[in-house]
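*Asks:* What follows is a single structure, and I will ask about it in a moment.
The values are calculated or read from the model by the stated rules, or taken from the named source; none is laboratory data. Bear in mind the structure is a predicted one, so any value in this text is a computation, not a measurement. Here the Cβ positions follow ideal geometry from the backbone for every residue, glycine too, while neighbour counts run over all protein chains shown. Keep in mind that these areas ignore ligands, DNA and RNA; they rest on the heavy atoms of the full protein, side chains included. Shrake-Rupley method; radii C 1.70, N 1.55, O 1.52, S 1.80 Å.
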Amino acid sequence: MTFNYKNFFQESLSNLQAEGNYRYFANIERISGRFPQALYKNTEGTSKEVTIWCSNDYLGMGQNPKVIAAAHDAIERSGAGAGGTRNISGTTRYICDLEDSLADLHQKQAALVFSSGYVSNEATLGTLAKMLPDCVIFSDALNHASMISGIQKSGAQKKIFRHNDLEHLEELLRTVDIKTPKIIAFESVYSMEGTIAPIKEIVALAKKYGALTYLDEVHGVGIYGSRGGGVAEAEGLMDQIDIIEGTLGKAYGVMGGFITGDAVLIDAVRSFASSFIFTTALPPVICAAALASVEHLKASQVERKTHKANVALLKSRLEENGLPYLKGPSHIVPLIVGEATCCREVTDILMDMFDIYVQPINYPTVPKGTERLRLTATAAHTTEQVEHMAKILKELWQHNHMLQAAVA
């Protein structure tokens, strides 16, 4: 009797559902010019308008008129596709202009654009650590899955230091010969915890022990710094970071990923990273929209100021109401539920009864027992929407016996 593939996969999915960790995707249609409003289509085929409270489009740039106009212009001029990989026919003027703008954003010699932030992390860490002889990578324990994947694919030795623990990092660095190539890989803003890395201190350790620094700024670019260069810009440390990685799919509101750094280092990734070499380039419409967003946020402070005010208001209301959110210095607001099935039920209540869309964050994205709602107050939310959300959450926590049991 042959192996029953269908039953095997069905059993795996059933187990995931029983644990409460099966992922359901909401059918959402964003409404142009009205973010954070969207249309939600339910399983019966009917639609209703909802308010999004879990978007990474932190500044609402996906709906910015300049960004939309740039996209329209590019598609009218050059059509829909890129035409191929960068090596064959996909290196358009749009992607070159975008890379020039990103290099300028971080005050680096060069930049390289990828199809996503995940790919940029995986490709860069995987390539550099594989190229460097006997390289050792020092990775923060809470680094993103894309960084972990790149490190694993490199085959390099890795040492994991406790989250933001400088003493542990130095303890591990001491175990490796000063002459051995090293990379310290970490993030600026940790998106599930809301914590921010001690960048200055990590840079000092890197210099002391002869390591390259690799900083993931995907949740920092656009939001922090006078031009949106990220936390490293805000702290005046960009020039001390060897490689700054970012995304165009969060605060910039479009899609794609990138790295910036010295020209020779960027060229090495361009020349040796197979996931860059063999991937179709981003099309002109995406590059033009991303460029417009990056350039706008280099000059405009309006979106950042509004976003900061909305985040502060949400945190203050959660604090006043005694709700169990993780208190951190960033714009990330994780509200702890603590149980997978309960977390899903909370989000269902918000959608069904209050027309609010929030995705539950369950294992393996976060450890079991720390399931949460990752709330994002964007620059596009009104003060009234923030107050309304805080009021609803207070009522749920106070009056729903399921939630009281979960957070007790």
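*Asks:* If amide H atoms are built 1.01 Å from N in the plane of the peptide, which residues on other chains or at least 5 residues away come under 5 Å of the amide H of Ile160?
*Replies:* Hits under the 5 Å cutoff: Ser139.
*Asks:* Alpha carbon centre of region 319-372 versus region 108-138: separation in Å?
*Replies:* Between the Cα centres of region 319-372 and region 108-138 lies a distance of 32 Å.
*Asks:* Could you tell me which residue out of Gln37, Thr306, Ser274 lies farthest along the dipole of the chain toward its positive end? Charges go on the beta carbon: Lys and Arg +1, Asp and Glu -1, centred on the Cα centre.
*Replies:* Positive-most Cα among the choices belongs to Ser274.
*Asks:* Among 70-77, 216-223, what's the highest-first ranking by average C-beta atoms within 10 angstrom per residue?
*Replies:* The most tightly packed comes first, giving 216-223, 70-77.
*Asks:* Here is a further query. Probe radius 1.4 Å, ligands and nucleic acids left out: which of Arg34, Arg317, Arg374 has the largest accessible area, and how do the rest follow?
*Replies:* Arg34, Arg317, Arg374
*Asks:* Give the accessible area for Leu237 in Å² (nearest 10); use a 1.4 Å probe, count only protein heavy atoms, and leave out ligands, DNA and RNA.
*Replies:* My reading of the accessible area for Leu237 is about 10 Å².
*Asks:* Here's another thing I want to ask about it. Per 10 Å bin from zero, what fraction in whole % of the C-alpha pairs of region 186-339 is there, up to the bin with the longest pair?
*Replies:* Percent of Cα pairs in each bin: 10, 33, 34, 18, 5, 0.
*Asks:* Nothing charged except the Cβ atoms of Lys and Arg (+1) and of Asp and Glu (-1): what's the magnitude of the dipole of the chain about its Cα centre? Round to the nearest 20 debye.
*Replies:* Dipole size: approximately 280 debye.
*Asks:* Output the relative contact order of the chain, whole-number percent, from Cα pairs under 8 angstrom with separation of 6+ residues.
*Replies:* Result for the chain is 21 percent.
*Asks:* Carbon-plus-sulfur fraction of the accessible area of the chain, 1.4 Å probe, in percent?
*Replies:* 54
*Asks:* Where the only charges are on Cβ atoms (+1 Lys, Arg; -1 Asp, Glu), what is the dipole of region 293-383 about its Cα centre, to the nearest 20 debye?
*Replies:* 480
*Asks:* Continuing with the same structure: Describe numerically, in nm with one decimal, the distance between label points set 7 Å from Cα along Cα→Cβ at His388 and at Glu320.
*Replies:* In this crude spin-label approximation the distance works out to 1.8 nm.
*Asks:* Please list, in order along region 307-312, the HN-Hα scalar couplings obtained from phi with the Karplus expression 6.51 cos²θ - 1.76 cosθ + 1.60 (θ = phi - 60°), rounded to whole Hz, x for Gly and Pro.
*Replies:* Each residue of region 307-312 in turn: 4, 4, 5, 5, 5, 4 Hz.
*Asks:* Ok, one more. Two-decimal Rg/Rh of region 331-385 from alpha-carbon positions, Kirkwood Rh?
*Replies:* Here Rg/Rh amounts to 1.00.
*Asks:* In addition: Can you compute the radius of gyration and Dmax for region 225-284, using only the Cα atoms, both in Å?
*Replies:* 13.3, 36
*Asks:* Same structure again: Calculate, for region 296-376, the solvent-accessible area per residue in square angstrom, rolling a 1.4 angstrom probe over the heavy atoms of the protein chains.
*Replies:* 41
*Asks:* Separate question: For region 35-51, take each phi angle, set θ = phi - 60°, evaluate the Karplus expression 6.51 cos²θ - 1.76 cosθ + 1.60, and give the result in whole Hz per residue in order, putting x for glycine and proline.
*Replies:* With coefficients 6.51, -1.76 and 1.60, one gets 4, x, 7, 8, 9, 10, 9, 7, 5, 7, x, 8, 10, 8, 7, 10, 9 Hz.
*Asks:* Another question about this same structure. Would you mind putting 245-253, 99-107 in packing order, based on average other-beta-carbon counts within 10 Å, highest first?
*Replies:* 245-253, 99-107
*Asks:* Still on this structure: Please give the FRET efficiency for Leu166 paired with Gln10, using the beta carbon to beta carbon distance and R0 = 41 Å, rounded to the nearest 0.05.
*Replies:* About 0.30, to the nearest 0.05.
*Asks:* Something else: Name the most mobile residue of Leu350, Leu291, Leu59, meaning the one with the largest mean-square fluctuation, in a Gaussian network model of the chain with Cα contacts below 10 Å.
*Replies:* Leu350
*Asks:* At 1.4 Å probe size, with no ligands or nucleic acids counted, give the accessible surface of Ile361 in Å², nearest ten.
*Replies:* Roll a 1.4 Å probe over it and Ile361 shows about 30 Å².
*Asks:* Same structure, new question: Can you tell me how much longer the chain between Met353 and Arg30 gets when fully stretched, taken as 0.36 nm per residue apart minus their C-alpha distance, in nm with one decimal?
*Replies:* Answer, rounded to one decimal: 114.3 nm.
*Asks:* Please work out how much length the chain gains when fully extended from Asp104 to Leu313, using 0.36 nm per residue of separation minus the C-alpha to C-alpha distance, in nm with one decimal.
*Replies:* Stretched out fully, the Asp104 to Leu313 stretch lengthens by 71.9 nm.
*Asks:* Can I ask one more? Projected onto the charge dipole of the chain (+1 at Lys/Arg Cβ, -1 at Asp/Glu Cβ, origin at the Cα centre), which of Leu291, Ile199, Ile28 gives the Cα projection farthest towards the positive end?
*Replies:* Leu291
*Asks:* Okay, moving on. Just want to confirm a number: the relative contact order over region 134-227, from Cα pairs under 8 angstrom separated by 6+ residues, in percent.
*Replies:* Result for region 134-227 is 30 percent.
*Asks:* How many angstrom separate the Cα center of region 261-290 from the Cα center of region 177-245?
*Replies:* Going from one Cα centre to the other spans 21 Å.
*Asks:* Which value in deg cm²/dmol, rounded to the nearest 500, describes the helix-derived mean residue ellipticity at 222 nm for the chain, given -39,500 (n - 2.57) per DSSP H run of n ≥ 4 and division by the residue count?
*Replies:* About -13500 deg cm²/dmol.
*Asks:* Report, by chain and number, residues whose modeled amide H sits under 5 Å from the one on Val136, excluding near sequence neighbours (fewer than 5 apart, same chain).
*Replies:* Lys182, Ile183
*Asks:* Here is a further query. If amide hydrogens are placed 1.01 Å from N in the peptide plane, which non-local residues have theirs closer than 5 Å to the one on Tyr357?
*Replies:* Amide H neighbours of Tyr357: Thr51, Ile52, Trp53.
*Asks:* When the Karplus curve 6.51 cos²θ - 1.76 cosθ + 1.60 is applied with θ = phi - 60°, which whole-Hz ³J(HN,Hα) does each residue of region 255-268 get, with x for Gly and Pro?
*Replies:* Karplus-based 3J(HN,Hα) across region 255-268 equals 6, x, x, 7, 10, 9, x, 4, 4, 5, 5, 5, 5, 5 Hz.
*Asks:* Sorted by accessible area (1.4 Å probe), largest first, how do Ile244, Ile31, Ile88 line up?
*Replies:* Reading off the accessible areas and sorting them downward yields Ile88, Ile31, Ile244.
*Asks:* Run the simple label-point estimate for Lys130 and Lys368 please: 7 Å along Cα→C-beta, distance reported in nm.
*Replies:* Distance between label points: 3.4 nm.
*Asks:* If I take the Cα coordinates of the chain and project them onto the principal axes, what are the three extents in Å, biggest first?
*Replies:* For the chain, the Cα extents along the three principal axes come out at 61, 60, 54 Å.
*Asks:* Related question: What translational D, rounded to a whole number of µm²/s, comes out for region 74-168 from Stokes-Einstein when the hydrodynamic radius is the Kirkwood one over Cα pairs, at 20 °C and 1.002 mPa s?
*Replies:* Taking Rh from Cα pairs, D becomes 137 µm²/s.
*Asks:* Same structure, new question: Note the direction-averaged projected area, equal to a quarter of the hull surface, for the Cα convex hull of region 280-332, in nm².
*Replies:* Reported value for the Cα convex hull: 5.7 nm².
*Asks:* Over all directions, average the projected area of the Cα convex hull of region 147-212 and note it in nm².
*Replies:* 4.5
*Asks:* In addition: If you place +1 on the Cβ of every Lys and Arg, -1 on the Cβ of every Asp and Glu, and leave all else neutral, what size is the dipole of region 45-179 about its Cα centre, to the nearest 20 Debye?
*Replies:* Approximately 340 debye in magnitude.
*Asks:* With all protein chains present, calculate the accessible area of Asp165 using a 1.4 Å probe and round the result to the nearest 10 Å².
*Replies:* 40
*Asks:* Still on this model: Under a 1.4 angstrom probe, counting protein chains only, how are Phe114, Phe9 ranked by accessible area, largest first?
*Replies:* Phe9, Phe114
*Asks:* Please compute, for the alpha-carbon atoms of region 45-111, the extent along each of the three principal axes and give them in descending order in Å.
*Replies:* In descending order, the Cα extents are 46, 30, 21 Å.
*Asks:* Just order 225-235, 379-389 by mean Cβ neighbour count inside 10 Å, highest at the front, would you?
*Replies:* 225-235, 379-389
*Asks:* Whole number in Å², please: accessible area per residue of region 112-182, 1.4 Å probe, ligands, DNA and RNA not counted.
*Replies:* Roughly 46 Å² per residue, with all protein chains present.
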